[in-house]
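The values are calculated or read from the model by the stated rules, or taken from the named source; none is laboratory data. The structure presented is a predicted model; accordingly, all values stated were derived computationally and were not measured. Here Cβ is always computed from backbone atoms with ideal geometry, including for glycine, and neighbour counts include all displayed protein chains. Each accessible area value is taken on the protein alone, full model and side chains, heavy atoms only, with ligands, DNA and RNA left out. Shrake-Rupley method; radii C 1.70, N 1.55, O 1.52, S 1.80 Å.
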Amino acid sequence: MLGENLYPLVEQLEHESAAKVTGMLLEMDQPEVLHLLESPEALKAKVAEAMEVLRSVAQSPVGNTADQLGSLSLHDGVVP
């Protein structure tokens with residue numbers, strides 16, 4: 001249900017990567033996701049952060065991708 005509400009908002013910001021970014025955001029704790037639904041500025045910042053993660057992973061050598069994914073987080077410094 002959160003995804004159904006979040007996806008259209010993310011799609012407005014990043015149309016081509018909306019599904020991937022929404023999935024990334026849904027990995028966050030529920031209260032954090034609810035905050036994103038209520039705060040367009042917070043959502044915009046998290047979407048930008050997710051896009052940065054996707055771009056950095058896309059530019060990484062294949063052997064380094066897992067290491068970079070493990071070190072990146074959308075949880076403000078808290079690794080899940």
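What the table below lists for this structure:
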read-out	value
Dipole of region 1-62, positive end: most advanced residue of PRO40, LEU25, LEU54 [Cβ charges, Cα centre]	LEU54
Ellipsoid semi-axes in whole angstrom, largest first, where each is sqrt(5λ) of the Cα gyration tensor of region 11-63	22, 12, 9
Area of HIS35 that stays accessible when all protein chains are in place (1.4 Å probe, Å², to 10)	100
